[in-house]
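*Asks:* Have a look at this one before I ask anything.
The values are calculated or read from the model by the stated rules, or taken from the named source; none is laboratory data. Keep in mind that this is a model prediction, so the values were computed, not measured. Methodologically, a virtual Cβ is constructed for each residue, glycine included, from the backbone with ideal geometry; neighbour enumeration extends over all protein chains shown.
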Amino acid sequence: MLIRHGSCTAMASGGAACAPLSSVSLILLTRRKDCAMAIRISSTETFRNIACSAALLASLAGTTLAQPSTSPEADGSQAQVQPGTTQKDENVRQIQNEVETKTNDQASEKQTRVREDAVEALQKAQHALVALDKGNADEALASVEQAIGKLQVILAISPDLALAPVGVEMTQLDVLATPAEIRSAIEDVQVQLRKGRVQEARHLLSMLGSEVVITETDLPLATFPEALASVAPLISAGKLDTARAQLAEALSTMVVLNHVIPLPLLRADILLEYAGELAAVSSRTDEQNKELELLFDSIDEQLEMARLLGYGTKEDFKEFEKEMKSIREKSRNGKSSEGLVDRIRNKIAHVRESIFK
């Protein structure tokens, strides 16, 4: 079982730093060099793109994930495999491209909420702390006053605003394993706990995830401006050590919100979209029916991974299982149906939204 973890941090008008993705195996240490994280920074936004291949969906090895044709005769219009690659490579790449697009879209939506004026106020406060470290009272006081001024403008424009977003970080943890391997790892955790080896169990458990986490850092407008205002007179009075301590405490009160995107549920939804389009094709060929069954198998596998990793309740997965049985039955023997997967996709979307928050 292979674990992949990566992170990327971005702040409007500030810098962006990314740690390279690395891979660690629960069974043996494995280094992968095919993972990278790319950053593109423009004058108006920071765009983060995790460029790392997804878990290979082995059951898709023989499935062509092009838009399904509307008739058997149109089969030749499906996506062409690039020279030097296999259909399996193309399928994995296509799925991962969609995963990246959807996760980047959600991260970008959070990034657009970052307030430049709040970021500038935070940077001024941080600059004041550096100045206090150097014993430069005049520079520290000027920076604090500038920060207070920017915060006052924010509150004057948006008096009901409680939290001002100042940064977004996106991290990815992905377990490259089969459901059977995940079950085995969970059993290992339980064994370690029974033996009283809590730290060993904790280490194993911390890697049992498949998700992208978008972390939003917010400036608390109910307390931060007042904290800065209390620092200014201390600096004026020459009480630099006290001012520094209070400013450092104020800077440590940022509010951190984590928004989780469960990758197995996201992949299941993408596969369901393909399956729904193929299931709607009338007079499917035998090959198309095989492709549809492989898609269903892959969806079941992703939903099972989501269940094992705890991305939803028992009731959620009972509903998913029931829906998948119904979908298979309604598409059996070449039967076609419009909107076949709409119901389960809506259910998955509801679970994903409840987790993302």
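*Asks:* In this structure, does G149 turn out to be among the small types (G, A, S), free of Cβ contacts under 8 Å to residues at least 12 places away in the same chain and not in a strand (DSSP E or B)?
*Replies:* Numbers: among the small types (G, A, S): yes; free of Cβ contacts under 8 Å to residues at least 12 places away in the same chain: yes; not in a strand (DSSP E or B): yes.
For G149, the condition - among the small types (G, A, S), free of Cβ contacts under 8 Å to residues at least 12 places away in the same chain and not in a strand (DSSP E or B) - is met.
*Asks:* For segment 311-357, give me each residue that is in contact with a strand residue (DSSP E or B) (Cβ under 9 Å, 6 or more places away or on another chain), surrounded by fewer than 18 Cβ atoms within 10 Å (Cβ to Cβ) and outside any helix (DSSP H, G or I).
*Replies:* Applying the first criterion (in contact with a strand residue (DSSP E or B) (Cβ under 9 Å, 6 or more places away or on another chain)) to segment 311-357 yields 311-312, 351-352, 355-357.
When the remaining residues are screened for being surrounded by fewer than 18 Cβ atoms within 10 Å (Cβ to Cβ), the result is 355-357.
Correct list: K357 only.
*Asks:* Let me ask another. In the set E181, E211, E216, which member is under 21 Å from D117 (Cβ atoms), of a type in the set (D, E) and in contact (Cβ under 8 Å) with a residue 24 or more places away in the chain?
*Replies:* Values: E181 fails: under 21 Å from D117 (Cβ atoms); E211 fails: under 21 Å from D117 (Cβ atoms).
Of E181, E211, E216, the one residue that is under 21 Å from D117 (Cβ atoms), of a type in the set (D, E) and in contact (Cβ under 8 Å) with a residue 24 or more places away in the chain is E216.
*Asks:* Quick one: which residue in L278, L308, L271, L292 is touching a Lys or Arg at 6+ places or on another chain (Cβ under 9 Å) and under 30 Å from M170 (Cβ atoms)?
*Replies:* Numbers: L278 fails: under 30 Å from M170 (Cβ atoms); L271 fails: touching a Lys or Arg at 6+ places or on another chain (Cβ under 9 Å); L292 fails: under 30 Å from M170 (Cβ atoms).
Exactly one residue qualifies, and that residue is L308.
*Asks:* Still on this structure, please answer the following. Condition check: buried (at least 16 other Cβ atoms within 10 Å of the Cβ), over 17 Å from the mean Cα position of the chain (by Cα) and within 30 Å of E116 (Cα to Cα). Does A275 satisfy that? So that I can check it myself, show each step before the final result.
*Replies:* Working: buried (at least 16 other Cβ atoms within 10 Å of the Cβ): yes; over 17 Å from the mean Cα position of the chain (by Cα): yes; within 30 Å of E116 (Cα to Cα): no.
For A275, the condition - buried (at least 16 other Cβ atoms within 10 Å of the Cβ), over 17 Å from the mean Cα position of the chain (by Cα) and within 30 Å of E116 (Cα to Cα) - is not met.
*Asks:* Which residue is surrounded by the fewest Cβ atoms within 10 Å (Cβ to Cβ), if the candidates are limited to segment 284-301 and must be under 21 Å from R183 (Cα atoms) and touching a residue at least 60 places away in the same chain (Cβ under 8 Å)?
*Replies:* D297
*Asks:* Take the residues in segment 152-185 that are within 16 Å of L204 (Cα to Cα) and part of a strand (DSSP E or B); name whichever of them is nearest to the chain's Cα centre (by Cα).
*Replies:* This residue is L173.
*Asks:* Condition first: closer than 19 Å to G149 by Cα, hydrophobic (A, V, I, L, M, F, W, C) and surrounded by fewer than 20 Cβ atoms within 10 Å (Cβ to Cβ). Now tell me which residues in segment 222-247 satisfy that.
*Replies:* So in segment 222-247, the residues closer than 19 Å to G149 by Cα come out as 222-236, 243, 246-247.
Now restrict to residues that are hydrophobic (A, V, I, L, M, F, W, C): 222, 224, 227-229, 231-232, 234-235, 243, 247.
Correct list: A222, A227, A229, A232.
*Asks:* Still on this structure: Of everything in segment 235-247, what is in a helix (DSSP H, G or I) and touching a residue at least 12 places away in the same chain (Cβ under 8 Å)? Give them in sequence order. Reasoning before the result, please.
*Replies:* Within segment 235-247, the first condition is being in a helix (DSSP H, G or I), and the residues that meet it are 235-236, 240-247.
The answer is I235, S236, L240, A243, R244, Q246, L247.
*Asks:* For residues that are without any contact (Cβ under 8 Å) to a residue 60 or more places away in the chain and in a helix (DSSP H, G or I), scanning just segment 248-272, find the one that is surrounded by the fewest Cβ atoms within 10 Å (Cβ to Cβ).
*Replies:* So, considering only residues that are without any contact (Cβ under 8 Å) to a residue 60 or more places away in the chain and in a helix (DSSP H, G or I), the one surrounded by the fewest Cβ atoms within 10 Å (Cβ to Cβ) is E249.
*Asks:* Return the total of residues in segment 197-234 being in contact with a helix residue (DSSP H, G or I) (Cβ under 8 Å, 6 or more places away or on another chain), in a helix (DSSP H, G or I) and charged (D, E, K, R).
*Replies:* Summing the residues that are in contact with a helix residue (DSSP H, G or I) (Cβ under 8 Å, 6 or more places away or on another chain), in a helix (DSSP H, G or I) and charged (D, E, K, R) in segment 197-234 gives 1.
*Asks:* Still on this structure: With respect to E120, determine if the residue is more than 35 Å from the chain's Cα centre (by Cα), surrounded by 12 or more Cβ atoms within 10 Å (Cβ to Cβ) and at pLDDT 95 or above. Lay out the reasoning, then the answer.
*Replies:* On the way: more than 35 Å from the chain's Cα centre (by Cα): no; surrounded by 12 or more Cβ atoms within 10 Å (Cβ to Cβ): yes; at pLDDT 95 or above: yes.
It is false that E120 is more than 35 Å from the chain's Cα centre (by Cα), surrounded by 12 or more Cβ atoms within 10 Å (Cβ to Cβ) and at pLDDT 95 or above.
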